[in-house]
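> Encoded as C-alpha cells, here's the structure I'll be asking about.
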There are 2 protein chains.
Amino acid sequence: MRILVTNDDGIYSPGLLALAEVATAFGEVRVVAPDVEQSAMGHAITISRPLHYRATPLGGLEAYRVNGTPADCVALGTHHWDRVDLVLSGINLGSNLGNEIWHSGTVAAAKQAALLGIPAIAFSAPINGREPDFEALKPWVGRVLEALLREPKPFLINVNFPAKPKGILWARQSVRLYEGRIVPGTDPMGREHFWFAATPDHEPEEGTDRWAVGHNFIALTPLRLDLTDEARLSQAFQLAASAD
Amino acid sequence: MRILVTNDDGIYSPGLLALAEVATAFGEVRVVAPDVEQSAMGHAITISRPLHYRATPLGGLEAYRVNGTPADCVALGTHHWDRVDLVLSGINLGSNLGNEIWHSGTVAAAKQAALLGIPAIAFSAPINGREPDFEALKPWVGRVLEALLREPKPFLINVNFPAKPKGILWARQSVRLYEGRIVPGTDPMGREHFWFAATPDHEPEEGTDRWAVGHNFIALTPLRLDLTDEARLSQAFQLAASAD
C-alpha cells in the first residue's frame, strides 16, 4: 500500500513525523508537505504561480517540501507518485472539531484526496497549554488506522484525539454553534485592529466530535463532499424561465 | 434591511460594484472586501496577525477594504455593523460550479455568513475569453434577489450565471468528477515546475449546477454546512473502548 503523508503545520512539524512513522507499519510511505506553516488556510489552492518540490531529509523517510498549501501538496504528491492508495494528514497541532474543519488545512488535505478518489484520514490533537505528546499518541494512531483500513473505500474520515485517549468513538460533526469571533485590540502605535479568534464557547452536544473528545475518546467523523442541501432543494421550485 | 457585500477578487473588481449597486434597491448597503485578490483562497481565515479596515471610495457607497480573506471580511464586516440581515458575495470573475466551490473564496464568504447565522448568497459569472458583461447581468441579479428573499431564512445559496441567461433553475452541486489536475512545465531557467489547473473535462449530469449553466440558465444551489456523512455514520460501529 502506498501512503502519502502531509499536514498543514509544515514539513518539520513533530506531528507529521509521528504520523509518517506509524504509517510505515502499514505500507510504503512518502511525505509531501508544505515548506512553511499553512494553518487556517482551509481548502485554498495555488493557481496564480507554479509549484515546486524540494527533497528534504526527514527521519530516513522519502520526503519533499512544497511551496504551496496542504491541498496543493496532495494534488502534487498524487501526481508525482503514479498510484497512491491512502492519504494521511496531520497530526495537526490543534484540534479540528465542529465548524473548525471549514478553516482547517489538515482536513482540506484529506478532502483534496477524496476529491481525487483516494481514501483519506485527517488527524488532529489538542494543544492544552503545550504541544501534544505525539509519542504517547502513536499507538493510538496505529489502532485507528487498523480500524479504518477495514472500512469500505473510498472514505474520508476526520480523526480528533483527546490529550489522553481512553477509547475510540464514531461521532458526528458538531455544528450547533460557530466559535469564530472578532476581538478588537490596539497595536503599540495606538491603531485599532482586530483578531479573528476561533475559540469554542459552548457545551458540546452528545454524539458530536467535540463531545467525544471532551470525554477523552478519539472521535472518528466520516465526511461528505456534496454540499447540496437536499432538503432545501426538494422544497425549491423551478422559477418560470423567462426569455431575455 | 442591512446588506453586507463582499467578494474574493478584491475591492476594485467591477463585479463587486455591480452587485452592490443592485443591492441598494433592496436595503442599506455596506461593502467590506479584500484589499487584494483572494481567488482560490477557499475558506481560509487569518489567525496569526491582526486585521484592519481602510475606508475606500467606491461609487458613492460606504466601502472598506480589509487586509484579509473573504471569510475574514464577513467576520469583520458583521462585527463592525451591529446587525447584518443578508450577505452577498461576488459577482465573481469566473464560475464556481461543482467541486470548484471547495476552493472558492466567493462561496467561502457566503459560508462564513451562514456559520454566523446570516442568510447569504454567492454570485459567480463565467469568463469566456473576456470578463463578464456585468451591466447585462444586473437585471438578473435583481430577479434572483427577489426570488431568494422569499425563501425561508436562514439560507445559503450558490448562484452561477451563464454568459447570457434565459431563465433561472434550482440545481444540485455537480460532484461526479473533480476537475483539478497538475500540469508540469519548465521555467525560463530550465527548472521543472507544476501548475494546479482546475478545468472541467467532463460532460455535466442533468440537474446539476454545471448542466444548468451549460444550458444558459442561472443555477441556484442551496448548500449545507454539516459535512457529516450520515450514511457512513449510520453504518459505523462503536469500537470497543479500551483503557489505556
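> With a sphere of radius 10 Å drawn around the Cβ of B:SER13, what net charge do the other residues whose Cβ falls strictly inside it have (Lys, Arg +1; Asp, Glu -1)? Don't jump to the answer; show the numbers that get you there.
Numbers: positive: none; negative: B:ASP8, B:ASP9, B:GLU37, B:GLU131.
Around B:SER13, the charge tally is -4.
> Which value, in Å to one decimal place, does the Kirkwood hydrodynamic radius take for region A:123-244 when every pair of different Cα atoms is included?
Values: mean 1/r = 0.0555 Å⁻¹.
Result for region A:123-244 stands at 18.0 Å.
> Separate question: In the neighborhood of A:THR106, defined by Cβ-to-Cβ distances under 13 Å, what is the net charge if each Lys or Arg adds +1 and each Asp or Glu adds -1?
Numbers: positive: A:LYS111; negative: A:ASP8, A:ASP9, A:GLU37, A:GLU100.
Net charge in that neighbourhood comes out at -3.
> Follow-up question, since we're still on this one. Student exercise: in the protein assembly as shown, how many lysine pairs 8 or more apart or on different chains have Cα atoms under 15 Å apart? All intermediate terms of the calculation are to be shown ahead of the outcome.
Numbers: A:LYS111/A:LYS153; A:LYS138/A:LYS164; A:LYS138/A:LYS166; B:LYS111/B:LYS153; B:LYS138/B:LYS164; B:LYS138/B:LYS166.
Value for the protein assembly as shown: 6.
> Okay, next question. Step by step: find N for the protein assembly as shown, compute 2.2 N^0.38 Å, then divide the Cα radius of gyration by it. What's the final number?
Numbers: Rg = 22.1 Å, N = 488, 2.2 N^0.38 = 23.1 Å.
Relative to the rule-of-thumb radius for its length, the protein assembly as shown sits at 0.95.
> Quick check on chain A: helices-only [θ] at 222 nm, where DSSP H runs of length 4 and up contribute -39,500 (n - 2.57) each and the sum goes over total residues. Nearest 500, please. The partial results should precede the final answer.
Working: 6 runs with 59 residues, N = 244.
It comes out at -7000 deg cm²/dmol, rounded to the nearest 500.
> Let me ask something else. Run through the DSSP bridge list for chain B and note the antiparallel percent, rounded to the nearest 5.
Working: 15 of 42 bridges.
Percent antiparallel among DSSP bridges in chain B is about 35.
> With unit charges on the beta carbon (Lys/Arg positive, Asp/Glu negative), name the residue among A:GLY60, A:THR208, A:ILE47 whose Cα is farthest towards the positive pole of the charge dipole of the protein assembly as shown.
Result: A:THR208, furthest along the dipole toward the positive end.
> Quick one: if the Förster radius is 22 Å, what FRET efficiency do B:ALA197 and B:LYS166 give, using the C-beta to C-beta distance and rounding to 0.05?
Values: r = 30 Å, r/R0 = 1.37.
Rounded to the nearest 0.05, the efficiency is 0.15.
> Per the Cauchy relation, a quarter of the hull surface: what is the mean projected area of the convex hull of the alpha carbons in region B:43-105, in nm²? Don't skip to the answer; put the middle values down first.
Working: hull surface 22.0 nm².
That works out to 5.5 nm².
> Using only protein heavy atoms and a 1.4 angstrom probe, determine the accessible area buried between B and A, summed over both sides, in Å² to the nearest 100.
On the way: alone 12810 and 12830 Å², together 18810 Å².
Using a 1.4 Å probe, the pair buries roughly 6800 Å².
> With a 1.4 Å probe and every protein chain kept in, tell me what percent of the accessible surface of region B:23-170 is carbon plus sulfur.
Roughly 49 percent, rounded to a whole number.
> Would you mind getting the accessible area per residue of the protein assembly as shown, heavy atoms of the protein chains only, 1.4 Å probe, in Å²?
Numbers: 18810 Å² over 488 residues.
The answer is 39 Å² per residue.
> Of B:PHE194, A:PHE217, which has the most accessible area and how do the rest follow, probe 1.4 Å? If you can, show how the numbers build up before the last one.
Details: B:PHE194 10, A:PHE217 35 Å².
Of B:PHE194, A:PHE217, the descending order of accessible area is A:PHE217, B:PHE194.
> Only bridges whose two residues both fall in region A:1-81 count here: according to DSSP, what percent of them are antiparallel, nearest 5? Spell out each step's value before the answer.
On the way: 4 of 13 bridges.
Antiparallel bridges make up about 30 percent of those DSSP assigns within region A:1-81.
> Next question. If you build the convex hull over the alpha carbons only and average its shadow over all orientations, what do you get for region B:14-125? Give it in nm² to one decimal. Working shown, then result.
On the way: hull surface 26.6 nm².
Value for region B:14-125: 6.6 nm².
> Let me have the relative contact order for chain A, percent, based on Cα pairs under 8 Å that are six or more residues apart. Please report the intermediate quantities before stating the final value.
Values: 505 pairs, mean separation 42.9, N = 244.
Normalised by residue count, the contact order of chain A is 18 percent.
> Probe 1.4 Å, all protein chains in place: accessible area of B:ILE127 in Å², nearest 10?
80
> Would you kindly give the portion of the calculated P(r) for chain B that falls above 22 Å, as a percent of all Cα pairs?
Working: 16153 of 29646 pairs.
For chain B, the fraction of Cα-Cα distances above 22 Å is 54 percent.
> Taking only Cα atoms and a 10 Å spring cutoff, compute GNM fluctuations for chain B and point out the largest among B:LEU93, B:LEU169, B:LEU220.
Answer for the Gaussian network model of chain B: B:LEU169.
> Exactly which GluC sites (Glu not before Pro) in region A:159-224 are in a DSSP loop and have at most 10 other Cβ atoms within 10 Å? Please list the in-between numbers first.
On the way: sites: A:GLU179, A:GLU192, A:GLU205, A:GLU206; in loops: A:GLU179, A:GLU205, A:GLU206.
Taking region A:159-224 and a limit of 10 other Cβ atoms within 10 Å, the loop GluC sites (Glu not before Pro) found are A:GLU206.
> Using only the Cα atoms of region B:22-64, construct the convex hull and provide its projected area averaged over every direction, in square nanometres to one decimal. Spell out each step's value before the answer.
On the way: hull surface 17.4 nm².
Spelled out: convex hull of the Cα atoms, projected over all directions, averaged, 4.3 nm².
The values are calculated or read from the model by the stated rules, or taken from the named source; none is laboratory data. This is a predicted model, so every value here is computed, not measured. Here the Cβ is made from the backbone with ideal geometry for all residues, glycine too, and neighbour counts use every protein chain on show. For the accessible areas, the whole protein counts, side chains as well, though only heavy atoms, and no ligand, DNA or RNA atoms are used. Shrake-Rupley method; radii C 1.70, N 1.55, O 1.52, S 1.80 Å.
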